[in-house]
Amino acid sequence: MQRWALNPMKRLPPEQLLTPAMRSVVSAIARAGRPPFYSMTPRQARATYELGSGVLELPARALAQVQDFSIPARDGHALPARLYLPHEVHQAAKPWPTLLYFHGGGFTIGSIATHDVLCRELSHAADCAVVSVSYRLAPENKFPAAADDAWDALKGLVMMADTLRLDSSRLAVGGDSAGGTLAAVCAVLARDEGLPLALQLLIYPGCAAHQDTGSHQTFGHGFLLDEPNITWFFNQYIRTPADRDDWRFAPLNAPDVDGVAPAWVGLAECDPLIDEGLLYADKLRAAGVPVSLEIYRGVTHEFIKMGRAIPEALQAQADAALALRQAFAAVQ
């Protein structure tokens, strides 16, 4: 797929596609001279990402309840999780519709803490419970550890739903970047296991086995998510090159996606991952899956966590929340 098909009116140089606000953020980050993740150890990269994760976000929204707990994985490991509830409800009220959220970070960095503000905003705007889960990271935990943890978290949350006053019949999965990959994987596994999901919320998900699309070529340098960092992330995660072709790494390789949950797909125009996101949306639609696709013009990967500086972040958060509200309402 050729990236220019997204903007047929003008074939502008890629950097001129950025909005003024996004261009200012990209320039400021470049001037800061932060060493790239691929030049660091994974531990250093995690600390650097966590330190900077909230700089461009809105202040953390106060919610009625924020509770840390854990979900057991198949090997007995306790997966850290955080429950967000937007407001107090009467004890007799219905259980909460729930979004299970997987953070991004190339399977190597990121945490509940780095996505705390986003999860708070989604809980508030969608009027639902959000459970953010911390799956195990690479390179300490190689493929398919993250996918296994994500699926275990979903099954475990269903088992714990009554205790947490969550409605397992109104359940969605979601995530950004690598977390979007994990959400897409969970949607396929849920279909296979007969576990109904209201929605899969895919925010610029990684879907392809290789970085060979037009958008990887166009936006692979100078647009925050640089190609050397993508390669570094994936090399931390995979065991052998063959892992890239496994559909749990690249959902585009899933044998079929018939009958998976409806999808909301939110993509950034100036993102190496946009073409594979479009291809996955097309794959879902071709299988008869309802898909709502939003492309946010002039912004880069990670934009949804930049609400203080990028107006499109607030729009994307509102659009994602509306999709959740509508999906949960359709189940009632």
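Residues checked against (1) farther than 27 Å from A309 by Cβ; (2) assigned to a strand (DSSP E or B); (3) modelled with pLDDT of 95 or more; (4) touching a helix residue (DSSP H, G or I) at 6+ places or on another chain (Cβ under 9 Å):
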residue: P59; (1), (2), (3), (4): no, no, yes, yes
residue: Q67; (1), (2), (3), (4): yes, yes, yes, yes
residue: A81; (1), (2), (3), (4): yes, yes, yes, yes
residue: T98; (1), (2), (3), (4): yes, yes, yes, yes
residue: L118; (1), (2), (3), (4): no, no, yes, yes
residue: V130; (1), (2), (3), (4): no, yes, yes, yes
residue: D148; (1), (2), (3), (4): yes, no, yes, no
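Determine, yes or no, whether I230 is modelled with pLDDT of 95 or more and closer than 30 Å to T98 by Cβ. For I230, the condition - modelled with pLDDT of 95 or more and closer than 30 Å to T98 by Cβ - is not met. Within segment 35-47, the residues that satisfy the criterion of being under 28 Å from E121 (Cα atoms) and either surrounded by 16 or more Cβ atoms within 10 Å (Cβ to Cβ) or touching a helix residue (DSSP H, G or I) at 6+ places or on another chain (Cβ under 7 Å) (or both) are F37, A45, R46.
Among the residues that make up segment 205-218, is at least one of them modelled with pLDDT of 95 or more, surrounded by fewer than 17 Cβ atoms within 10 Å (Cβ to Cβ), within 25 Å of G288 (Cβ to Cβ) and touching a Gly at 6+ places or on another chain (Cβ under 7 Å)? Within segment 205-218, none of the residues are modelled with pLDDT of 95 or more, surrounded by fewer than 17 Cβ atoms within 10 Å (Cβ to Cβ), within 25 Å of G288 (Cβ to Cβ) and touching a Gly at 6+ places or on another chain (Cβ under 7 Å).
Yes/no per residue for (1) in contact with a Ser or Thr (Cβ under 7 Å, 6 or more places away or on another chain); (2) farther than 30 Å from L171 by Cβ:
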{"position": "S215", "(1), (2)": "no, yes"}
{"position": "F219", "(1), (2)": "no, yes"}
{"position": "F223", "(1), (2)": "yes, yes"}
{"position": "D226", "(1), (2)": "no, yes"}
{"position": "T231", "(1), (2)": "no, yes"}
{"position": "T240", "(1), (2)": "no, yes"}
{"position": "P262", "(1), (2)": "no, no"}
{"position": "E276", "(1), (2)": "yes, no"}
{"position": "L279", "(1), (2)": "no, no"}
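Hey, could you check segment 146-184 for residues that are free of Cβ contacts under 8 Å to residues at least 60 places away in the same chain and either touching an Asp or Glu at 6+ places or on another chain (Cβ under 7 Å) or β-branched (V, I, T) (or both) and say which is farthest from R136 (Cα to Cα)? Checking each candidate, the answer is T163. Checking the conditions here, which among R244, R248, R239 is modelled with pLDDT of 95 or more and in contact with a Lys or Arg (Cβ under 9 Å, 6 or more places away or on another chain)? Criteria check complete, one pass: R239.
The values are calculated or read from the model by the stated rules, or taken from the named source; none is laboratory data. If you're wondering where the values come from, they're calculated on a predicted model, not measured in any experiment. With ideal geometry, Cβ positions are generated from the backbone for all residues, glycine too; neighbour counts draw on all protein chains shown.
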